[in-house]
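These notes concern the structure reproduced below.
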Amino acid sequence: MKRHVIIAILLLTVALPRLRAAGSEWIYTGRLGFSVGGTAPMGMPATIRELNSFKLKASYSVGFDIERRLSGSWGLLTGLRAEGKDMDIDATVKSYFTTIVQGGQSLAGNFTGRVVTRVTQRMFTIPVNVTRRVSDRLTLQAGPYVSILTRAKFEGYVYDGYLRRNDPTGPKVIVGSDENTRGSYDFGDDMRRLQLGLNLGADWHLRKTWGCFANLAWGITGIHKRGFKAIEQTLYPVYGTVGIFGRIR
Amino acid sequence: MRGRWYLILVACLLCTACFKDEPLNEECDIETAWLQLDNPEQMFYKESDMQITVPYQSNRIVFTVREGADVSALALYFTITPGASIEPASGSVHDFSRPVTYTVTSEDGEWQRVYTVSFRSQTKTLSDTVKMDFEHYRLSQDGYAVWYELSEDGEERPVWASGNAGFNMTGGASNPQEYPTAVLENGYNGAGLRLTTRSTGSLGAMVGKRLAAGNLFLGEFDLSQTLTASLKTTRFGIPFARKPVKVTGFYQYAPGATYTGPNGRPVPGRTDQGDIYAVFYRNTDAAGRRVTLYGDDVLTSPHVVAVARMTDMAPADYWTAFEMTFSYLGDVDPELLKENGYNFTIVFSSSFNGAMFEGAVGSTLLIDKVRIICETEE
């Protein structure tokens, strides 16, 4: 957390002297895009062997930015975005520590087989970016963001494999593939409601007042609450957005 | 400066996306144990006794041999988890007149399991009546009761099995008495058996197995099949060299309040029933292969020779005597009987349809002082 604050302060110290340099103007921009990406551990653990399917779940992102032009080609931007960060994945794992949870009961152990994970996240995001006009057409921006989640689901099931209870020497239970023989989990309640991250984007002006953009948002907080141990790694949201923007004024 | 930013980003993406080398196996199980003998009949009653498939939750491997068999220098072979190692080595010669301990170490070197292998001679049942008083039990490492019998020479024989290991997976019990199969401290005579149909809670409901009937049977429980083939978890029967005639004992029974079907919905007007039955069956087929009967065929298999079943278990809140007589579907071959060619099981369950996850939560069957009365030998 402290680290995040330091990053934000650093960015502001870079931008603020330029802010005072005046001769500036305000720019208002609307954005419409769609995001794809994943919620993944940083560095794939060896226990995840294969991705069998990764369904692109495009979520719309609607945003509004205010940018303050500063001296030279620099600027400072903030705004509000309503966006979704979803994922639907089927992976093959080997001896992956996980927990089957249903109601108040849980069954933890090392699972070998296949895992389906479905993540749904709806949120409002506030970026604080430094912008830099590289040319008349290209503007780059980078900075931290904070997201407030309005909806958070993290659920799925393990199937076609087996679980060793508690550790690899524990009792073995074969897990089938239909609803009555596989194990489900739901960790929606364990998700953070506030996410922090860094984003990096580029705006390409096709005309003077509109263009297309690409943005990459990289979470620096895991999607689950601290102390959440039911799955092996901390998962970070990494999502890319592409779309169009238009100057409002 | 900007170029470097991109490089860092691309590096991050690559790190995240690429798969690492497959980790080494962490498991360290003995899956099967077997002997290679030129004349297996000298040591074993039948050839199929030379090989044992070890249930994953078990760390005791017991071979049943003829009385007086020489086990002082035998080479035992194992199949273990791929990549794991076993000490002493598979195929090394040992004296099995005492149990021999084997340690399996996983491929990654981080995990170990210790197994005990013993050879037991099948002692002949001398008396005409086999007594089952449920006095011998201990707690498993997972905290539920397990029963055993003492042979006539005082050796422990872990012949009893229950579904407690399955219920344990639901985390639904915090002490041994909360398990479906539990010790009744004050039975008809000393300790007895208390079987209770229990709810398996939300984890059980998730997999359509909403209740667990209390059960105890002669045989083995294979936990690994609990989710995928629950009727295959019960491996019924132990070798039995006498011809059973009838079963007697004492019971109490109280059905639970609400009978529910497999979907968890109440079935109006239906009352739960306890169940007691015993089966005597041929344990090898015509080709000499081992035959084990499971929950799905223990009463219907063509290998069944005789069945005794309690037809109507009236609720009773005091000790009530019961008696079941075996009805024979075929002849018993006296030579095969001597050669351990028949298996016997007796099954107690607090819900008649418990194997199908139907019944009434709370149904309680108490059992004590069971006797298997066998035909007197000339």
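Inter-label distance, B:K338 to B:A314: 4.6 nm, where each label sits 7 Å from its Cα along the C-beta direction. Ignoring aspartates and glutamates fewer than eight residues from A:K85 along the same chain, the ones with Cα atoms less than 16 angstrom from its Cα are A:E155. Per residue of peptide B:198-209, the mean number of Cβ atoms on other chains within 10 Å of the residue Cβ is 5. In this simple spin-label approximation, B:Y77 and B:L329 carry label points 7 Å from Cα along the Cα→Cβ vector, and these lie 3.6 nm apart.
Taken along the Cα-to-beta-carbon direction at a fixed 7 Å, the label points for B:A286 and B:E185 span 5.6 nm.
Could you work out how much longer the chain between B:E375 and B:S202 gets when fully extended? Use 0.36 nm per residue separation minus the Cα distance between them, nm to one decimal. Before the final figure, lay out each step's value.
Numbers: separation 173, 0.36 × 173 = 62.28 nm, distance 4.81 nm.
Full extension of this stretch gives 57.5 nm more.
In percent, what relative contact order does segment B:123-374 have, based on Cα pairs under 8 Å that are 6 or more apart in sequence? Can you show the working numbers first?
Details: 639 pairs, mean separation 70.1, N = 252.
Relative contact order, segment B:123-374: 28 percent.
Note on chain B: GNM, Cα springs under 10 Å; of B:N175, B:N39, B:N353, the largest mean-square fluctuation is that of B:N39. Calculate, for B:K246 and B:E31, the FRET efficiency according to 1/(1 + (r/R0)^6) with r their C-beta to C-beta distance and R0 45 Å; round to the nearest 0.05. The pair B:K246/B:E31 has a calculated efficiency of 0.70. A helix-only calculation puts chain A at -2500 deg cm²/dmol for mean residue ellipticity at 222 nm, using -39500 (n - 2.57) for each DSSP H run of at least four residues, averaged over all residues. Between B:D108 and A:Y28, what's the calculated FRET efficiency when r is the beta-carbon distance and R0 is 51 Å? Round to 0.05. After rounding to 0.05, the efficiency reads 0.30.
For the pair B and A, the buried accessible area comes to roughly 3700 Å² in total, with a 1.4 Å probe and the value rounded to the nearest 100.
How many Cβ atoms of partner chains, on average, are near each residue of A:159-171 if near means within 10 Å of its Cβ? Each step should come with its number before you reach the end.
Working: counts 0, 0, 0, 5, 3, 5, 6, 1, 4, 11, 12, 4, 12.
Mean shielding count: 5.
With a Förster radius of 25 Å applied to the beta-carbon distance between A:V62 and A:T234, the computed FRET efficiency rounds to 0.30.
Filter B:K131/B:K338; A:K94/A:K229; A:K153/B:K232 down to the pairs with a C-alpha to C-alpha distance above 28 Å, please. List each step's numbers first, then the result.
Details: B:K131/B:K338 20 Å; A:K94/A:K229 18 Å; A:K153/B:K232 36 Å.
Correct reply: A:K153/B:K232.
Counting only protein heavy atoms and using a 1.4 Å probe, the accessible area of A:I126 comes to about 60 Å².
Relative to one another, the C-alpha centroids of segment B:95-124 and segment B:306-342 are positioned 35 Å apart. Estimated purely from DSSP H runs of n ≥ 4, each contributing -39500 (n - 2.57), the mean residue ellipticity at 222 nm for chain B is -2500 deg cm²/dmol once divided by its residues. To the nearest 10, the accessible area of B:L227 is 30 Å² with a 1.4 Å probe. Rolled with a 1.4 Å probe across the full set of protein chains, the surface gives B:K20 an accessible area near 90 Å². Taking a point 7 Å from the Cα of A:N180 along the Cα-to-Cβ direction, the residues of segment B:216-233 with backbone N closer than 20 Å to it are B:222-233. Across the protein chains, with a 1.4 Å probe defining accessible surface, the residues B:H136, A:H224 rank B:H136, A:H224 from largest area downward.
Mean per-residue shielding of peptide A:104-115 is 3, counting Cβ atoms of other chains within 10 Å of each Cβ.
The values are calculated or read from the model by the stated rules, or taken from the named source; none is laboratory data. The structure presented is a predicted model; accordingly, all values stated were derived computationally and were not measured. Quick reminder, even Gly has a Cβ in these numbers, built from the backbone with ideal geometry, and neighbours come from all protein chains shown. Accessible surface areas use protein heavy atoms only, side chains included; no ligands, DNA or RNA. Shrake-Rupley method; radii C 1.70, N 1.55, O 1.52, S 1.80 Å.
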